[in-house]
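Here is the structure we will look at, set down as structure tokens.
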Amino acid sequence: QVQLVESGGGLVQPGGSLRLSCAASGRIFSINAMGWYRQTPGKQRELVAMTTTGGLTNYANNVKGRFTISRDNARNTVYLQMNSLKPEDTAVYYCDADLSTSSVSPVLRYWGQGTQVTVSS
């Protein structure tokens, strides 16, 4: 079984910073991409940032220059450094990992439980 556990959410004032972490554990053979999504009530989950094992990254336009995704492959952990936070960044943030559990298993997407980020004065 695979688990993704997020941490680091909370309440921050506009202009502030937060760092989210997500650690994958369990029966993991290999991880391809890892990333972060966010969702607000009544809206679809949207991509925030993602990174591949090789270090390629992709960001949503509205977070470019403010958020940085990084990854520790040895620890199966992905981070999201969020700076210059805005009220519109308020959402539940979910991490995901595209991984396989054995050499013959397909690559599937796994999700964390989500962590609330609230940007408010």
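Just need a number here: residues in segment 63-114 that are of a type in the set (S, T, N, Q) and farther than 18 Å from THR51 by Cβ. Let's see the steps before the verdict.
Residues of segment 63-114 that are of a type in the set (S, T, N, Q), as a first pass: 68, 70, 73, 76-77, 81, 83-84, 90, 100-103, 105, 113.
Going one step further and asking which of them are farther than 18 Å from THR51 by Cβ, we end up with 84, 90, 101-103, 105, 113.
Counting residues in segment 63-114 that are of a type in the set (S, T, N, Q) and farther than 18 Å from THR51 by Cβ gives 7.
Among the listed residues ALA97, ALA33, ALA74, which satisfies the condition of being out of contact with any strand residue (DSSP E or B) (no Cβ under 8 Å at 6 or more places or on another chain) and of a type in the set (A, V, I, L, M, F, W, C)?
Details: ALA97 fails: out of contact with any strand residue (DSSP E or B) (no Cβ under 8 Å at 6 or more places or on another chain); ALA33 fails: out of contact with any strand residue (DSSP E or B) (no Cβ under 8 Å at 6 or more places or on another chain).
Answer to the selection: ALA74.
What are the pairs, 6+ residues apart or on separate chains, where a residue within segment 106-118 that is within 17 Å of SER25 (Cβ to Cβ) has its Cβ under 8 Å from a residue that is surrounded by 19 or more Cβ atoms within 10 Å (Cβ to Cβ) and among the polar types (S, T, N, Q)?
none
Within the set of pairs 6 or more residues apart or between chains, which connect a residue that is more than 19 Å from ARG75 (Cβ to Cβ) and in contact (Cβ under 8 Å) with a residue 60 or more places away in the chain inside segment 1-25 to a residue that is charged (D, E, K, R) and surrounded by fewer than 17 Cβ atoms within 10 Å (Cβ to Cβ) with Cβ atoms less than 8 Å apart?
Correct list of pairs: PRO14/LYS86.
This table checks each residue for (1) hydroxyl-bearing (Ser, Thr, Tyr); (2) farther than 15 Å from ALA23 by Cα.
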| site | (1), (2) |
| --- | --- |
| ALA33 | no, no |
| ARG45 | no, yes |
| ARG75 | no, no |
| LYS86 | no, yes |
| TYR93 | yes, no |
| VAL104 | no, yes |
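For the subset of segment 59-109 comprising residues that are of a type in the set (Ser, Thr, Tyr) and in a strand (DSSP E or B), which member is surrounded by the most Cβ atoms within 10 Å (Cβ to Cβ)?
If we filter segment 59-109 for residues that are of a type in the set (Ser, Thr, Tyr), which is where we start, we get 59, 68, 70, 77, 79, 84, 90, 93-94, 100-103, 105.
Checking the rest, the ones that are also in a strand (DSSP E or B) come to 59, 68, 70, 77, 79, 93-94, 100.
Values: TYR59: 19, THR68: 17, SER70: 14, THR77: 18, TYR79: 19, TYR93: 24, TYR94: 21, SER100: 17.
In this case the residue turns out to be TYR93.
Every number here is computed from the coordinates shown, using simple stated rules; none is lab data. Nothing here was measured: the structure is a model prediction, and the numbers come from that model. Heads up, the Cβs are rebuilt from the backbone with ideal geometry, glycines too, and the neighbour counts pull from every protein chain shown.
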